[in-house]
């Protein structure tokens, strides 16, 4: 790094360089105006007493240089300079300042020597000092240039002191004192300016730095994207913004503690820096979310390969003190200018691509595309329709039974949301529920559907329970849980006939609050089921720490149970686990008699699936309860099924 000396600029701190340039730019018109006016006055005052080159041509040269330099500065004042360009320009100021100082010194010293009366000599001396001090004030933020200009009066002061004329000697002493005082005052001001800028730079560095990983933070990310946008306005060169999320990080925090989680984040930041190298800049936005700016993004295929390297790096085991953590990373890319032309829009598009990756391609990179743009527009339409909907009129429920295969009868009905909008028609739950979950609309939907579900359950025989799904947002909200408790108490239904289903993913955002919510519902008398078991992270940890009554095994475990012995082994392990923990077990997704027989042979008696019944409206339930068609399962004892037997 360049170091400051008496006549050189310190360019090691780019923030100081830019601050000096900005301050000097404001003084440029004044500086060159002073030089031009003094040159003009010199021509008027001395052209008849000095040779043409001294009384006319040198002042004209100074005027010309001043005017040209002013025009150059004014035209380039809005240009965005690279760091190296800024350093070169600042060095150029010192070089040009030295050249102009030499010209001015020759000019005034020559005038002093050629004029022949003391009055004219005094005029020359004071004109020089006035010009020099004016220029020094304009250059005060560039200390080397300011001192160099001030030093131009020293030769003239020396000539005055050695002139043999006491009056001129006194003027020389006076000017030398004024010069020293001016240099001291301006040097102190310049030093204080440097310190202020360095302090501001240090404060800005801390304000833009993530204290844990020592990576640039969220604020720095948006500033950097803004800088990249300004730099590409002329050439429209594509660059990419990426948002990355560590899948499974919350489970690591819950299982091993925040200290281990912090160490994982630090190591993840280091891995990202190693993988990205000079091609991207890494930021930590907060929590387990990181962001990248990729300088070159002309080839989407190359961007995807780059994203795959990032995901592969994070997927490698993290060997931490006291634990080995296995996580993955999903990443969403948005390419400028295709996905957007502002920092905020690029971030939102990258975040949507990340959301899509986590929902559909967990652990992989996704580039925001026109299809995603269409999805956003559709989701916006759905969101607006939900906001304007009469939920009491438009929302309804279907019910799917949970069966006890030994008794051959349903034990509960799961409430499934349905929405028919006057404009959009029937909207599938997998469309409107995710939209609602990303907004506060989910609370209105949950509370409306819960009132309808409890009212429906009051019409059923007492042994039959109602099973109701709670969203991630409900579990994480103490206010929503309080409203749910109020609805249950005012419904007139025995809380012991209510089962609330929660998913493992709903525990990830805030396990502490989720645990408090579950305990509140248990204290009310309701049962708690863990839905989609096996699809989340750290399942055994959640089973161990939550006061659960039931586990619902995800349908993905029995899709190939008829043909794969390993699937039966896994399901048998889960069924035995539930038995050992005295927790009821329900297997979802049974669609064939053979699947049902296998699951029953493995020791599970409670099932749910199309084999028993499809979701039905409330009006069909009395007739269904009267027929109990699946009772035939209980009539014939199943053959024992070995967990490891071939299908």
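Derivation of every value follows stated rules applied to the coordinates shown; laboratory data play no part. No experiment lies behind these values; they were computed from the predicted model shown. Note: ideal-geometry Cβ built from the backbone for every residue, glycine included; neighbour counts use all protein chains shown.
Rounded to the nearest 5, what % of the DSSP beta bridges within segment 380-507 are antiparallel ones?
In segment 380-507, approximately 65 percent of DSSP beta bridges are antiparallel ones.
Compute the distance from the alpha-carbon center of segment 48-95 to that of segment 107-125, in whole Å.
26 Å
What is the distance in Å between the Cα centroid of segment 294-313 and that of segment 131-179?
Here the answer is 62 Å between Cα centres.
Quick one: work out the % antiparallel among DSSP beta bridges in segment 389-635, nearest 5.
Close to 45 percent.
Please list 260-267, 602-609 highest first by mean number of surrounding beta-carbon atoms within 10 Å per residue. Could you put the intermediate results ahead of the total?
Values: 260-267: 18.9, 602-609: 21.8.
Final packing ranking: 602-609, 260-267.
Using the alpha-carbon atoms, what tilt in degrees (0 to 90, nearest 10) does helix 511-524 show relative to the longest principal axis of the chain?
Roughly 30 degrees, rounded to the nearest 10.
Per DSSP H run of at least 4 residues, take -39500 (n - 2.57); add these up for the chain, divide by its residues and hand me the 222 nm value, nearest 500 deg cm²/dmol.
Calculated mean residue ellipticity at 222 nm is -18500 deg cm²/dmol.
Work out the FRET efficiency for residue 393 and residue 296 from their Cβ-Cβ distance, taking R0 = 51 Å, and round it to the nearest 0.05.
The value I calculate is 0.40.
Report, to the nearest 10°, how far helix 14-46 tilts away from the longest principal axis of the Cα atoms in the chain, using its own Cα long axis and a range of 0 to 90°.
That works out to roughly 20 degrees.
What order, most packed first, do the peptides 14-26, 554-566, 381-393, 467-479 have when packing is the mean number of other Cβ atoms within 10 Å of each residue?
Per-residue Cβ counts within 10 Å, averaged per peptide and sorted highest first, yield 467-479, 14-26, 554-566, 381-393.
Could you pull out which residues in segment 127-168 have an amide N less than 14 Å from a spot 7 Å beyond the Cα of residue 117, following the Cα-Cβ vector?
none
By what distance, in whole Å, do the Cα atoms of the chain stretch along each of the three principal axes, largest value first?
133, 53, 45
Using the beta-carbon distance between residue 237 and residue 360 and R0 = 30 Å, what value does 1/(1 + (r/R0)^6) give for FRET efficiency, to the nearest 0.05?
0.50
Would you calculate the separation in nanometres between label points at residue 74 and residue 44, each defined as 7 Å from the Cα along the Cα-to-beta-carbon direction?
Taking the simple label geometry, residue 74 and residue 44 are separated by 2.2 nm.
For residue 219 and residue 513, FRET efficiency with R0 = 30 Å and r from the beta-carbon atoms, rounded to 0.05? List each step's numbers first, then the result.
Working: r = 28 Å, r/R0 = 0.92.
Calculated value: 0.60.
Express in nm, to one decimal, how much length is gained between residue 556 and residue 207 on full extension, taking 0.36 nm for each residue of separation and deducting their alpha carbon distance. Write out the running numbers ahead of the final one.
Values: separation 349, 0.36 × 349 = 125.64 nm, distance 4.69 nm.
My answer for the length gained is 120.9 nm.
Using only Cα atoms, find the angle between the long axis of helix 565-580 and the longest principal axis of the chain, and express it within 0 to 90 degrees, rounded to the nearest 10.
80 degrees
Using the basic label-point model (7 angstrom from Cα toward the beta carbon), what is the residue 14 to residue 594 distance in nanometres?
6.6 nm
Tell me, what is the percent relative contact order of segment 389-635, built from C-alpha pairs under 8 Å that lie six or more residues apart?
Numbers: 419 pairs, mean separation 51.7, N = 247.
Normalised by residue count, the contact order of segment 389-635 is 21 percent.
Express the relative contact order of segment 501-626 as a whole percentage, based on alpha carbon pairs under 8 Å and six or more residues apart in sequence. All intermediate terms of the calculation are to be shown ahead of the outcome.
On the way: 158 pairs, mean separation 23.6, N = 126.
Dividing the mean separation by the residue count of segment 501-626 yields 19 percent.
Percent antiparallel among DSSP beta bridges with both residues in the chain, to the nearest 5?
65 percent
Report Rg (one decimal) and Dmax (nearest whole number) for segment 218-368, counting Cα atoms only, units Å.
Cα radius of gyration and Dmax of segment 218-368 are 15.2, 53 Å respectively.
Quick check: the distance between the Cα centres of segment 549-625 and segment 220-272, to the nearest angstrom?
Computed from Cα coordinates, the inter-centre distance equals 41 Å.
Order of 319-327, 592-600, 356-364 by packing, highest average Cβ count within 10 Å first?
Descending packing order for the listed peptides: 592-600, 356-364, 319-327.
Hey, what D do you get for segment 14-207 in µm²/s if you plug the Kirkwood alpha-carbon radius into Stokes-Einstein at 4 °C and 1.567 mPa s?
73 µm²/s
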